[in-house]
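First up is the structure itself, then whatever we jot down about it.
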Amino acid sequence: MIRRVLPHGMGRGLLTRRPGTRRGGFSLGFVSSSQRMLTTDDKAVVLKRIHEVHVKMDRSLEYQPVECAIVINAAGAWSAQIAALAGVGEGPPGTLQGTKLPVEPRKRYVYVWHCPQGPGLETPLVADTSGAYFRREGLGSNYLGGRSPTEQEEPDPANLEVDHDFFQDKVWPHLALRVPAFETLKVQSAWAGYYDYNTFDQNGVVGPHPLVVNMYFATGFSGHGLQQAPGIGRAVAEMVLKGRFQTIDLSPFLFTRFYLGEKIQENNII
């Protein structure tokens, strides 16, 4: 099967089964092949190609193999775990083979509050210089907002419990300073979720992995994923179908920048 799927003899090599990672009631694993090659400067690298994804449900003894030609890693906060299953980062430190996907889950809080005297319906999304942000939520004088913690304030991502004191101490004072009417706001509800946080430069990772040749990334957007999703979807589709970015050149956001140390720093994380 491998020789049929891989052209030009690339199917020759090792067939490996990787252990799975658990996620949301199921676990994943990959079946892949590899081929050792030399770069132009005579350094050995191993090119890999994924052939199957193995999905195993909780409380089941069986897994479902899914043959694939392409894997698009858009697993958000867990994309680094998925990449590791394909061997990304398994190599000596400081090498391309040893470069990991620097994406991890970061817990963030979102609060909804009521304030009849607050800004009107024409109010846009407002991001304060402190990092606090808010926007209107519906027509009933409700608002939605929050603030990203500093590195020293980072909460434990092991659970999704909401810290209401964080709003009281770290968010509300900045909101009230920006909009005095918010001094009388009443918090109605709150929840927590995850950012797929890129610890390297807080920006997205888009396009193919240089060594796992049929794994593509669309992850690491550090809270901007929904805003950037239409463009990212087009860019990944162009790369898969045409082999290059066409509409917008997103090559600065390729995985290789982690190995080269070329940051595309995003400072406006809210």
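The values are calculated or read from the model by the stated rules, or taken from the named source; none is laboratory data. No experiment lies behind these values; they were computed from the predicted model shown. Every residue, glycine as well, gets a Cβ built from its backbone with ideal geometry; the counts of neighbours run over all protein chains shown. For accessibility, only protein heavy atoms count, side chains too; no ligands or nucleic acids. Shrake-Rupley method; radii C 1.70, N 1.55, O 1.52, S 1.80 Å.
Brief remarks on what is shown
- If only residues of the range 105-132 that are among the hydrophobic types (A, V, I, L, M, F, W, C) and in a strand (DSSP E or B) are counted, the one that is farthest from residue 221 (Cα to Cα) is 113.
- Any chance residue 23 is open to solvent by 40 Å² or more (accessible area, probe 1.4 Å), at pLDDT below 60, of a type in the set (D, E, K, R) and over 28 Å from the mean Cα position of the chain (by Cα): no
- Residue count, the range 204-254 (criterion: closer than 26 Å to residue 51 by Cβ and of a type in the set (Asp, Glu)): 1
- Remark: pairs (first residue in the range 248-270, in a loop (DSSP other than H, G, I, E, B); second residue open to solvent by 40 Å² or more (accessible area, probe 1.4 Å) and polar (S, T, N, Q); Cβ separation under 9 Å; 6+ apart in sequence or on different chains) = 262/256.
- Breaking point among (1) in contact with a strand residue (DSSP E or B) (Cβ under 7 Å, 6 or more places away or on another chain); (2) free of Cβ contacts under 8 Å to residues at least 40 places away in the same chain; (3) in a loop (DSSP other than H, G, I, E, B); (4) open to solvent by 50 Å² or more (accessible area, probe 1.4 Å), for residue 135: (3)
- Test: residue in the range 174-185 that is closer than 29 Å to residue 85 by Cβ, open to solvent by less than 60 Å² (accessible area, probe 1.4 Å) and touching a Pro at 6+ places or on another chain (Cβ under 7 Å): no
Condition check ((1) open to solvent by 30 Å² or more (accessible area, probe 1.4 Å); (2) modelled with pLDDT under 95; (3) part of a loop (DSSP other than H, G, I, E, B); (4) under 30 Å from residue 162 (Cα atoms)) across all residues:
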position: 40; (1), (2), (3), (4): yes, yes, yes, no
position: 54; (1), (2), (3), (4): no, yes, no, no
position: 72; (1), (2), (3), (4): yes, no, no, no
position: 78; (1), (2), (3), (4): yes, no, no, yes
position: 83; (1), (2), (3), (4): no, no, no, yes
position: 87; (1), (2), (3), (4): no, yes, yes, no
position: 92; (1), (2), (3), (4): yes, yes, yes, no
